[in-house]
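Notes follow once the structure below has been shown.
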Amino acid sequence: MNLSQYPVLAPRAGGQAWRPSPASERLAGGVPQAPLPAGQRPAQPLPDPSDWTFELIERYHAAIAATAGRFGLDTYPNQLEVISAEQMMDAYSSGGMPVGYRHWSYGKDFLATERSYRRGHMGLAYEIVINSNPCISYLMEENTTAMQALVIAHAAYGHNSFFKSNYLFGMWTDAGSIIDYLVYARDFVAQCEERHGVETVEQWLDSCHALSNLGVDRYRRPSRKNLARERAEREQREAYAQQQVNELWRTLPTRPGKDNALPGNERFPREPEENLLYFVEKNAPLMEPWQREIVRIVRKIAQYFYPQRQTQVMNEGWATFWHYTLLNTMYDEGWLTDGVMIEWLSSHTNVIYQPPAGHRAYSGINPYALGFAMYRDIRRICQEPTDEDRRWFPDLAGTPWLPALHHAMQNFKDESFVGQYLSPQLMRDMRLFSIHDDASQRELLVSAIHNEEGYRTLRQTLSQQYDLGAREPNIQVWNVNLRGDRGLTLRHIRHQGRPLTSDVQEVLKHAARLWGFGVQLESVNADGETPTLVYAVPAPPA
Amino acid sequence: MALHIIDRRLSGKNKSVGNRERFVRRYKQQIAEAVQRAVGKREIRHIEQAETVTIPRKDIREPLFRHGQGGVSDTVHPGNSEHVRGDRIARPQGGAGSGSGSQASNSGEGDDDFTFTLSKEEFMELFFEDLALPRLLRTHIASTQQYRLRRAGYSHDGTPQNLALLRTMGGALGRRIALTRAPQRELKQLQAQLEALLEQDDGTSEPLIELRQRIEALQARIARVAFLDPIDLRFRSRTRVPDPSNQAVMFCLMDVSGSMDQARKDLAKRFFILLYLFLTRHYEKIDIVFIRHHTQAAEVSEDEFFHSQETGGTMVSSALVLLDQAMRARYPAGDWNIYVAQASDGDNFTDDNAQCASLLAERILPQVRYYAYVQVVQEEQGLWHAYRQLARQHAHFALRKASTAGEIYPVFRDLFKKEGVAV
């Protein structure tokens, strides 16, 4: 799913993967069973001139914060930063990272963003929010007061509380130190450029980027480390890593009883390794220490985005649900004028628009639309369950909606969230259907629609659609020719017979640059039978 | 709830500049090619604008392992209006809803070209880089700065012909008044006393004589104040102010006789472009006059100049006559800096060469700042010989040959090199 397809409130967020937020930071009282009662009704609504002022932002923020607190939204402290459109494009084109190392591909993104913005093809994202502590939300200067209120509710309370409470972010990212790490990465890359030349470093980064999707640990949780330790350990790590590598590639005969050599016939690595960047960082024989460090930086940043890539529907849905709920509540309680309401509702409607399949504007399921609809549906199931809901969600129907919603936000990722909560009612509302595409057949098959016999298939299919493991090719480090040409063998296990794109040869060249020797890739069927396709690139020139 | 609002609008602008530079550097070759293509299509006076550059997307894609077309996939879509389970539908040709899962949306942009806009500065840098133009151009401009004398009030020194007489005499009068004020007052008193004494006296008394002496002394003192002192002198002052000589006209003369094919015209055009760029950096306002000729000359629009197909024999002097007329009618040499760039293959009607030389020597060269002739073929013919004679006598008449695109820039630089700088 391409983020830029839903530009109005584009999600940018992340966190680095080494420390869960301490339990003490979490909301002391837990989530209330029902929204807490409102305070006194204001004598008159907040002023709504189209031009915002700092004072107005503060007043809107105070009202939104108070309302959010009543719904038990637990957030990091907020830092709102007012920026210009150009700065928004800067931020947008560096993957939403507030600081980042220099690379041409960010320049390319910037030029593309700038062009479509200038030509009016795309509205700029009204907001970008960063998973950091304090949580930084960007407010664009050009926004009206009403839009700033929307952004504050959406980003500073919606996304912010998601970052703080969702288990993936809690387990894998450390909001407290991410900015520091990015600064460290930028400085380190700049130093390398000075020492080794911009072009050398650029090529190295290119190669790392090409493999960054394979630079993620899916299951191993990172150890807790803060930046100071990270930096302090770098030198130590460089020396040690080289020593380990030397050990692996030693050619001296082993001394009996003193060395633990790998038995000659054993495979290396012993288990297939899915984190290719990790593998080369630890084992590539010819890498310079600075090169290892850059591999590590790219790997860490890929990891930083990993929870985000798995929770797009949930995260956007959550933020959208809360700006919708908070602003509506505030309107009911007399805080907002009709003008403000109409203005943000118009944006809101654009964001959650889902064109039907076959429509010119259709490009897959809009994560905002799906996520928003699902949280609203959960609330409905809690508050006004039908008999069908009671059958499908016996534990959910009729329970207090607020704790149920928080539970759904905290403990799932897109794949399991859809698998758990997509209701028949919503499938009918969205008129979902599934297509079975078998390349060996001339026609597509409609395998399920929104009816009694299709619900489970639909739910399962959609759930798998959000499984990154199925969306991205499954490629692992398979073997290294330790005694021969040191060639690296990767293995692609085909999911439902799906081949790779023709990019594969190019990516392998990058892999060969990192590894320093020849690299080949075997594409095998799921049953692991003999490879049908082998791609190979020779060792890069020294 | 803690809140910080930070106004970042003024800080951290242009954060992406470094990334943008890296991008442009990396694709310099493709961009330079695009620039070259663009230049070919451009009108001369638009040459300097920002340029939209297109690079084939396949050149800038970042490769990743991705699922390709094929195999089996199951996807869910919204908005079913007619299908029931088991329906078979034709496979859509690419695009959305093709049922190939994430691949469809990932590659939704397809292999379109990647288009972006180079700023004016970036464009010029690349344009000159393409021509291997060093940064010397700027020094050219600085060194050829023109000055003009402007009136700047009065000064204490200067040449006699600049003496400001009134101002000087006014000053002198003032000085005299100032210096004689006290003695005059005293003189008046003494004279009053003298007259009073004369009424009572016969004019021989002691105090009267003393009074007379004092009066004489005072009058002498007053008379000693100079009528005109050097410090009174005031001269009309002029100061040298830099003068970006505000207007220039460039005549582009091109031979469009039968022998000038498209390649030769392109050579000429490249030369005109360089000259134009050079001059726009030098002058605030620049006019361009396009004159094309075969046996007859005509003043034409830029578009016609380069694209018209009309052709015929050659009579170079026809263009020179027209140039002379236009120059004298519309661009008096006192008000305009006149430049001429002529491009031809030198294949002229034999009898015409002498005519050209005399027109140039007598009518045109005295009026113009610089006259550059570029012959776009190697062979030297009658016109070349005639012109070479002329060049020996006139320093601001230059002729060069350039028969390939690559030679245009060196020739240009040679023509416009600074005094004493080796090319």
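Whole-Hz Karplus values for the stretch B:188-193 come out as 4, 4, 4, 5, 4, 4 Hz, taken residue by residue from phi with 6.51 cos²θ - 1.76 cosθ + 1.60 and θ = phi - 60°; glycine and proline positions read x.
A simple rule links phi to the HN-Hα coupling: the Karplus curve 6.51 cos²θ - 1.76 cosθ + 1.60 with θ = phi - 60°, which for the stretch A:466-474 gives 9, 7, 4, x, 8, 6, 10, x, 8 Hz, with x for Gly and Pro. Principal-axis analysis of the Cα atoms of chain A puts helix A:198-210 at an angle of about 70° to the longest axis.
In the assembled protein chains, A:Thr349 presents an accessible area of approximately 80 Å² (probe radius 1.4 Å). Amide H contacts under 5 Å for A:Leu139: A:Glu81, A:Val82, A:Ile83, restricted to partners 5 or more places along the chain or on a different chain, H placed in the peptide plane at 1.01 Å from N.
When all protein chains stay in place and ligands, DNA and RNA are ignored, the 1.4 Å accessible-area order of A:Thr53, A:Thr532, largest first, is A:Thr532, A:Thr53. Carbon-plus-sulfur accessible fraction, the stretch B:248-415 (probe radius 1.4 Å, protein heavy atoms only): 47%. Averaged over the residues of peptide A:356-366, the number of Cβ atoms from other protein chains lying within 10 Å of each residue's Cβ is 6.
Dipole orientation for the stretch B:160-237: of the candidates B:Gly170, B:Pro207, B:Gln184, B:Gly170 has the Cα lying most toward the positive pole (charges on Cβ; Lys, Arg +1; Asp, Glu -1). Contact order for the stretch A:471-537, expressed relative to its length and based on alpha carbon pairs under 8 Å spaced 6+ residues apart, stands at 31 percent. Rounded to the nearest 20 debye, the dipole magnitude of chain A is 1380 debye, with +1 charges on Lys and Arg beta carbons, -1 on Asp and Glu beta carbons, and the Cα centre as origin. Other residues within the sphere of radius under 15 Å centred on the Cβ of A:Asp338, judged by their own Cβ, net out at -4 (K and R +1, D and E -1). Less than 5 angstrom separates the built amide H of A:Leu490 from those of A:Trp478, A:Gln520, A:Leu521, A:Glu522, all sequence-distant by 5 or more or on a different chain. Think of the stretch B:248-415 as a dipole: +1 on every Lys or Arg Cβ, -1 on every Asp or Glu Cβ, centred on the Cα centre; then among B:Ile291, B:Ala402, B:Tyr339, B:Tyr339 lies furthest on the positive end.
Mean sequence separation of contacting Cα pairs (under 8 Å, at least six apart), scaled by the length of chain A, corresponds to a relative contact order of 17 percent.
Bridgeable aspartates and glutamates around B:Lys265 (alpha carbons under 19 Å apart, same-chain partners fewer than 8 residues away excluded): B:Glu43, B:Asp255, B:Glu299, B:Glu302, B:Asp303, B:Glu304, B:Glu310, B:Asp345, B:Asp347, B:Glu379, B:Glu380, B:Glu407. For A:Gly454, the residues whose amide H sits under 5 Å from its own are A:Ile449, ignoring neighbours fewer than 5 places away on the same chain, with H placed 1.01 Å from N. Residue by residue, the stretch B:307-314 carries 3J(HN,Hα) couplings of 10, 5, 8, 4, 7, x, x, 10 Hz when phi is fed to the Karplus relation 6.51 cos²θ - 1.76 cosθ + 1.60 (θ = phi - 60°); x denotes Gly or Pro. Per the accessible-area calculation with a 1.4 Å probe, the total area buried between chain B and chain A rounds to 7800 Å². Angle of helix A:455-465 to the longest C-alpha principal axis of chain A, folded into 0 to 90 degrees and rounded to 10: 50°.
The values are calculated or read from the model by the stated rules, or taken from the named source; none is laboratory data. Just so it is clear, the structure is predicted and the values come from calculations on it, not from any experiment. With ideal geometry, Cβ positions are generated from the backbone for all residues, glycine too; neighbour counts draw on all protein chains shown. Protein only, heavy atoms only, side chains kept; ligands, DNA and RNA dropped before computing areas. Shrake-Rupley method; radii C 1.70, N 1.55, O 1.52, S 1.80 Å.
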